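Written below as structure tokens is the structure these notes are about.
Values in this text are rule-based calculations from the coordinates and carry no lab data. Predicted, not measured: the structure shown is a model, and the values here were computed from it. Positions of Cβ are generated from backbone atoms using ideal geometry, with glycine treated the same way; all protein chains shown enter the neighbour counts.
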């Protein structure tokens, strides 16, 4: 990894892409919360996984197109539809391999309402797949590494790793 941006250039980039950076950092917090909940048997973690993925996809769309998602209403919370919008702009075929998971995540997001039927079982074994998706999105996010690795998301990760030793 070649880090070439100065601290001032990182600040300029962050100001210019404030929406994407906000989504990126919030996604990181939701992702850590999701892992904590799922590993402790709390189904809320699956809803948080959906929200983390949604925010990361929205950041990706913004960085790839220069605009926020064009989806409106409840559709703007559907990770699968966000992936389809991103795919039209970014041409990433590997994301198609996560289609089933993206649909399941949306279902988990819908379970936050009691009047939505829950037909899917929550399984902690899905956490590996959620990890794969989240790491793939972070690694392919068209954001300079200096911005990624100086953000709160990775600083929080280092604290988390230290606490689990």
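With a simple spin-label model that places each label point 7 Å from the Cα along the Cα-to-Cβ direction, the separation between residue 2 and residue 75 comes to 4.2 nm. Taking the average, over residues, of other Cβ atoms within 10 Å as the packing measure, peptides 91-100, 131-140, 2-11, 45-54 rank 45-54, 131-140, 91-100, 2-11 from highest down.
One chain, two ends: residue 88 and residue 113. Fully extended at 0.36 nm per residue, the span grows by 5.9 nm beyond their Cα-Cα distance. A prolate overall shape is assigned to segment 17-91, the ratio a/c of its alpha-carbon gyration tensor axes (a ≥ b ≥ c) being 1.5 or greater and a/b exceeding b/c. Using 20 Å as the cut-off for backbone N distance, which residues of segment 50-71 belong to the label zone defined by a point 7 Å from the Cα of residue 9 along Cα→Cβ? Output list for this probe position: 63-64.
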